[in-house]
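The values are calculated or read from the model by the stated rules, or taken from the named source; none is laboratory data. Small disclaimer: the values here were computed from a predicted structure and weren't measured. Neighbour counts are summed over all protein chains in view; Cβ atoms, including those assigned to glycine, are modelled from backbone coordinates with ideal geometry. Each accessible area value is taken on the protein alone, full model and side chains, heavy atoms only, with ligands, DNA and RNA left out. Shrake-Rupley method; radii C 1.70, N 1.55, O 1.52, S 1.80 Å.
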Amino acid sequence: MMSVGSLTDYGINRDLLQTYLSSPIKRRAEFHGFEGIIFADSGGYKNLTQGALDGSDFELEMNQARVFEMQQQLGGEIIVNLDIPIEPDDSFEERCRKARLTAENVDEFLELSKDYPAARYLTVHGYNYSMIDTFMQELQSILGDIDISATFDGIALGSLVPKKDDRELLINAVQGCRDVMAERGFDDLPLHVLGISNTAIPLLAAVGADTFDSSSYMQAAINGKYYKSLLSTVRVEDADFKDCSCPVCSSPELRSRMNGNTQYRKDQMGPAAVHNLYVQMTELKNIRERIQMDGTDGLVDYIENTIGRNDSTRKHAHRVVNESLGGYF
Ligand SMILES: [Zn+2]
């Protein structure tokens, strides 16, 4: 996952921005051998909150054409339109206005990208069925009755980052989005949830989310946290690296760095971030295998033994099992 909006996160200057955009990510030496897919997000949230991309010696006004140009320069293989995310305090009228502005961008995005060989995802915004249904109505008031399923390769559900700790709302949003997709005939498309990960992943996967992105593994490390599992962390200083068999914890040099034997904090926390990512990806692989099993028992079992054992998340685990996975025996 790469976002046009995060290019200037560290106050870079114009020259460095030009270097970043000078060749597609996969052609850069640092990514030699990387076989993943480049998902180039549009940076809608950054654009909404800051109005432009701010570097140390430049300011770049963003619009749909500029964003698409940068997605191409980065070598995006999945791209999304520039969207106007909703915010928790927005009125109904404001949300409708933003939906129409997003729709105008979608119209331009479809024209601009028609010959570019990437998968195209449509952004959708709302916290529940009703809000997402209204979003689609406003979208179609601008675009007409386009065939979403034939025009797009996936749906990207956004605006949830300010609500990332409200599990009830996240479940409502993903369930609501899947319901809207089914009613409007594009339920065959994959559903990506923008900017959400960590403990919500198994529950959101159970109610119909296919992919996620987040920098939580890195944010945790920046805050000195080392993942023991998807659900629990300890401070890096208190971690027992022998409990983990990942490539980072298996390396004497990297263990020594995580123990603080290094001059710069980034050299202590960088390895911890990679360990955290490894833990997340291993758990995701486990969840994916359980989803692919016949029936829902594998996933129910996983949820019951992880989220269901935690006091703060148990009720959400039970709700998802009962409403979406056929309930308990
Ligand atoms: Zn590890």
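Of Ser215, Leu48, Gln64, which is farthest along the charge dipole of the chain in the positive direction, counting Lys and Arg as +1 and Asp and Glu as -1 at C-beta?
In the chain, that residue is Ser215.
At a Förster distance of 51 Å, what's the computed FRET efficiency of Ile291 paired with Glu93, Cβ-Cβ distance as r, to 0.05?
On the way: r = 39 Å, r/R0 = 0.77.
With R0 = 51 Å, the Cβ-Cβ based efficiency is 0.80.
Ser141 to Glu61: FRET efficiency via 1/(1 + (r/R0)^6), r the Cβ-Cβ distance, R0 35 Å, to the nearest 0.05? Kindly include the intermediate steps, with their values, before the conclusion.
Working: r = 27 Å, r/R0 = 0.77.
The computed FRET efficiency comes out at 0.85.
Given the peptides 105-112, 36-43, 21-28, arrange them by the average over their residues of other C-beta atoms within 10 Å, most packed first. Before the final figure, lay out each step's value.
Numbers: 105-112: 18.8, 36-43: 21.4, 21-28: 13.9.
The densest-packed peptide leads the list: 36-43, 105-112, 21-28.
Quick check on the chain: helices-only [θ] at 222 nm, where DSSP H runs of length 4 and up contribute -39,500 (n - 2.57) each and the sum goes over total residues. Nearest 500, please.
Working: 13 runs with 149 residues, N = 329.
Using -39500 (n - 2.57) per qualifying helix, the result is -14000 deg cm²/dmol.
Any idea of the accessible area per residue across the chain, 1.4 Å probe, to the nearest Å²?
Numbers: 16270 Å² over 329 residues.
Here the per-residue accessible area is 49 Å².
Show me 238-251, 215-228, 261-274 ranked by packing, highest mean number of other Cβ atoms within 10 Å first.
Numbers: 238-251: 14.7, 215-228: 18.8, 261-274: 16.6.
Ranking the peptides 238-251, 215-228, 261-274 by packing returns 215-228, 261-274, 238-251.
At 0.36 nm per residue, and after removing the present C-alpha to C-alpha distance, how many nm does the segment from Leu231 to Asp267 gain when stretched out fully? Can you show the working numbers first?
Values: separation 36, 0.36 × 36 = 12.96 nm, distance 2.47 nm.
Working it through step by step, the gained length comes to 10.5 nm.
Kirkwood hydrodynamic radius, the chain, all distinct C-alpha pairs: what's the number in Å?
Values: mean 1/r = 0.0469 Å⁻¹.
Across the chain, the inverse of the average 1/r is 21.3 Å.
Run the lone-cysteine check on the chain: no other Cys C-beta under 4.7 Å from the residue's C-beta.
Cys96, Cys177, Cys246
Which value, in debye to the nearest 20, describes the size of the charge dipole of the chain about its Cα centre when Lys and Arg Cβ atoms bear +1, Asp and Glu Cβ atoms bear -1, and nothing else is charged? Walk me through the numbers on the way to the answer.
Numbers: 32 positive and 50 negative charges, 243 e Å.
So the magnitude is around 1160 debye.
Based on the Cβ-Cβ distance of Asp243 and Val161, what FRET efficiency does E = 1/(1 + (r/R0)^6) give at R0 = 35 Å, to the nearest 0.05? Don't skip to the end; give the middle numbers.
Numbers: r = 31 Å, r/R0 = 0.90.
Step by step, r from the Cβ atoms, then E = 0.65.
For the chain, give me the percentage of DSSP beta bridges that are antiparallel, rounded to the nearest 5 percent.
Numbers: 6 of 23 bridges.
Bridges in the chain are about 25 percent antiparallel.
Take the alpha carbon atoms of segment 8-87, find their center, do the same for segment 189-244, and report the distance between the two centers in whole angstrom.
Using only Cα atoms to place each centre, the spacing works out to 24 Å.
I'd like to compare 178-190, 85-97, 123-135: which one has the highest average count of other Cβ atoms within 10 Å, and what's the full order after that? Don't skip to the end; give the middle numbers.
Details: 178-190: 15.5, 85-97: 13.8, 123-135: 20.8.
Result, highest mean first: 123-135, 178-190, 85-97.
Just to be sure I understand the model, the point goes 7 Å from the Cα along the line to the Cβ. What's the resulting Gln219 to Tyr10 distance in nm?
1.9 nm
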